[in-house]
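Right, one structure below, let's go through it.
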Amino acid sequence: HCLAVRAVCQREIDCDRGNGYSWKITLLRNYWKSKVKQEWLSGKYSNIPSQLNLPEKSMYPMDVDTWGEILEAELER
């Protein structure tokens, strides 16, 4: 699980580890974020007609840099 989360959230994982969080806390802090971020980056939500069509688990608190990555991916599509 740790490697899968780090593949999507490397910056976040490295930051948490650098701040002294244990691997367990780091995984707990980033697991759902990695799932949601991967769905956004893969384009799952690129062509939805409205926000009402977003699944319940499509949002998660993410920092500005993460949303920047998602926006860059959208602009490249």
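Quick check on my filter: what residues within region 1-48 are surrounded by 11 or more Cβ atoms within 10 Å (Cβ to Cβ) and at positive phi?
Passing the criteria: only GLY43.
Tell me whether region 13-34 contains one or more residues that are in contact with a His (Cβ under 8 Å, 6 or more places away or on another chain) and touching a residue at least 12 places away in the same chain (Cβ under 8 Å).
Yes: one or more hits.
I'm trying to understand the selection: among the residues of region 49-74, which are closer than 20 Å to LEU28 by Cβ and surrounded by 11 or more Cβ atoms within 10 Å (Cβ to Cβ)?
MET59, TYR60, MET62, ASP63, THR66
FYI, it's all coordinate maths here, none of it is from the lab. Everything quoted here is computed from the prediction, not taken from an experiment. For neighbour counting, all protein chains shown are included, and Cβ atoms are generated from backbone atoms with ideal geometry for every residue, glycine included.
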